[in-house]
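The values are calculated or read from the model by the stated rules, or taken from the named source; none is laboratory data. Computed from a prediction, not measured in an experiment: that's the story for all the values here. Neighbour counts run over all protein chains shown; Cβ positions are idealised from the backbone, glycine included. Only protein heavy atoms, including side chains, enter the accessible area calculation; ligands, DNA and RNA are left aside. Shrake-Rupley method; radii C 1.70, N 1.55, O 1.52, S 1.80 Å.
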Amino acid sequence: AGSIHSVSRAYKLNSEGELLWQSSLTDSPTTSSPSQCNSVVEDATNNLVIAGYLNNSNTPGTSNKYAWIVKIDSTGNFIWQNTFGGTGDDRAESIVASADGGYVFAGRSNSTDGDVIGNKGSYDGWVVKLDQSGKMLWQHTLGGSSSDYANSIQETSDGAYVVAGSTQSSDGDFTKNRGSNDLWIAKLDSNGQTQWSHTYGGSQSEVAEKVIQIIGGYALAGYSSSSDYDLTQNKGAN
């Protein structure tokens, strides 16, 4: 009996939710390593770009992971794939197609080498800009000395990027923490430099899972277990 591991697949459905095709991403010529897909976006040319992580098969018995980006065409045919990270745990959680034809993903990293520059301690939120062929153009870390995760990213109307997630830090990019996890939102310019960042929460745990730009600002969705500070009501647990 061989080992069993997760196999990532892409599925295309019609407007009625019926399956049109499926594509096994880890059966492509690129890899057969365990993997997970977390986000997908359609670009301006109707290709699909998928983000997640790939286990580091070169280091058996470890939990090291690479951020993993795969591009397929509108019928599920493989175009390219690329991995990003260092010797730690690096994951892509959210990806968007940018107006210039490239892509930007957000996730987490605790590497201090390889593609990751500027780790501030433990896990940082990690944002990476790619061109249309999957080549890295820049990367940026957001965090402090504790664990910080980026869960969502969107390109804004002025060509910048807004990112959201959770933080346990009270230093570095997040100088205020009310207890446990706070949710955070940050805006990066088109070159990946932080323009501003804010945290919100209470004495328990808050996590932002999605951020979008709306008229006049931004909207965050996630979960909270607090009933103090920025959270005035809690109906029980999260």
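Data for the structure
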item: Residue match in region 84-102 (condition: modelled with pLDDT under 95, open to solvent by 10 Å² or more (accessible area, probe 1.4 Å) and touching a helix residue (DSSP H, G or I) at 6+ places or on another chain (Cβ under 9 Å)); result: no
item: Subset of region 58-72 that is at pLDDT 95 or above and either over 25 Å from GLY125 (Cα atoms) or touching a helix residue (DSSP H, G or I) at 6+ places or on another chain (Cβ under 8 Å) (or both) - its residue that is surrounded by the most Cβ atoms within 10 Å (Cβ to Cβ); result: VAL70
item: Single residue of SER170, SER152 found to be in a loop (DSSP other than H, G, I, E, B) and either surrounded by fewer than 19 Cβ atoms within 10 Å (Cβ to Cβ) or of a type outside the set (D, E, K, R) (or both); result: SER170
item: Restricting region 197-223 to residues that are assigned to a strand (DSSP E or B) and farther than 19 Å from GLU93 by Cβ, the residue that is least open to solvent (accessible area, probe 1.4 Å); result: GLY217
item: Selection from region 142-167 of residues that are among the small types (Gly, Ala, Ser) and under 22 Å from ASN110 (Cβ atoms); result: GLY143, GLY144, SER145, SER146, SER147, ALA150, SER152, ALA164, GLY165, SER166
item: Residue match in region 103-112 (condition: surrounded by fewer than 19 Cβ atoms within 10 Å (Cβ to Cβ) and either modelled with pLDDT under 95 or more than 17 Å from ILE153 (Cβ to Cβ) (or both)); result: yes
item: Qualifying residue in region 174-184 (condition: under 24 Å from PHE84 (Cβ atoms), modelled with pLDDT of 95 or more and surrounded by fewer than 18 Cβ atoms within 10 Å (Cβ to Cβ)); result: no
item: Test: residue in region 105-123 that is over 15 Å from GLY86 (Cβ atoms), small (Gly, Ala, Ser) and part of a loop (DSSP other than H, G, I, E, B); result: no
